[in-house]
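To start, the structure itself, in structure tokens.
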Amino acid sequence: MVITWKLNDDNNQTQHFPCNGYKWNELGKLANKFYADFADIRSEEIFKQYENAIQTIVVFLNKESNHKLYECIWYKNYTIGRMVQLNTSSPIKNAILRIRKFKNSEGIRP
């Protein structure tokens, strides 16, 4: 989503937050869409796409000034930097916690 937001912003296109066809109170539905989209893709390919997305986001962040990233409101009350954080590292932390909880409930040890 972050990459799409950046591309839309660069091309002065309308932003659809969080994603076209979804509202902020439908993030569970959006997550299920992502799960379905990636269900038939091998984990190696998913990791490759993930790494490419991270590199793209890092390049984008490195090109922007701190002022633009953290001092200019971009969406409602949020800066670009905050929106990137909320939609990259925060969901990953959430996923890690869910996986740990599942592993513990199933007695799976590292």
So, in segment 45-82, exactly how many residues are assigned to a helix (DSSP H, G or I) and of a type in the set (D, E, K, R)? 6
So S90 passes all but one of these: (1) at pLDDT 90 or above; (2) hydroxyl-bearing (S, T, Y); (3) loosely packed, with under 12 Cβ neighbours inside 10 Å. Which condition number does it fail? (1)
Kindly indicate whether Q55 is surrounded by 12 or more Cβ atoms within 10 Å (Cβ to Cβ) and of a type in the set (S, T, N, Q). no
Would you mention how many residues in segment 10-33 are exposed (fewer than 14 other Cβ atoms within 10 Å of the Cβ) and among the acidic types (D, E)? 1
Among what's in segment 52-110 and is among the hydroxyl-bearing types (S, T, Y) and in contact with a strand residue (DSSP E or B) (Cβ under 9 Å, 6 or more places away or on another chain), pick the residue that is farthest from D10 (Cα to Cα). Y70
Identify the single condition in (1) in a loop (DSSP other than H, G, I, E, B); (2) surrounded by fewer than 12 Cβ atoms within 10 Å (Cβ to Cβ) that A36 does not satisfy, given that it satisfies every other one. (1)
Among the residues of segment 86-110, write down those that are under 17 Å from T4 (Cβ atoms) and either aliphatic (A, V, I, L, M) or free of Cβ contacts under 8 Å to residues at least 12 places away in the same chain (or both). L86, P91
Can you tell which of Y50, Y75 is under 18 Å from P91 (Cβ atoms), surrounded by 10 or more Cβ atoms within 10 Å (Cβ to Cβ) and in contact (Cβ under 8 Å) with a residue 60 or more places away in the chain? Y75
Could you grab me the full set of residues in segment 58-69 that are surrounded by 11 or more Cβ atoms within 10 Å (Cβ to Cβ) and farther than 15 Å from T88 by Cβ? K68
Contact list, first residue from segment 27-39 and under 18 Å from T88 (Cβ atoms) and in contact (Cβ under 8 Å) with a residue 12 or more places away in the chain, second anywhere and part of a loop (DSSP other than H, G, I, E, B) and not aliphatic (A, V, I, L, M), beta-carbon distance below 8 Å, six or more apart or interchain, is L30/P18
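The values are calculated or read from the model by the stated rules, or taken from the named source; none is laboratory data. Keep in mind that what you see is a predicted model, and the values were worked out from it rather than measured. Ideal geometry is used to build each Cβ from the backbone, glycine not excepted, and the neighbour counts take in all protein chains shown.
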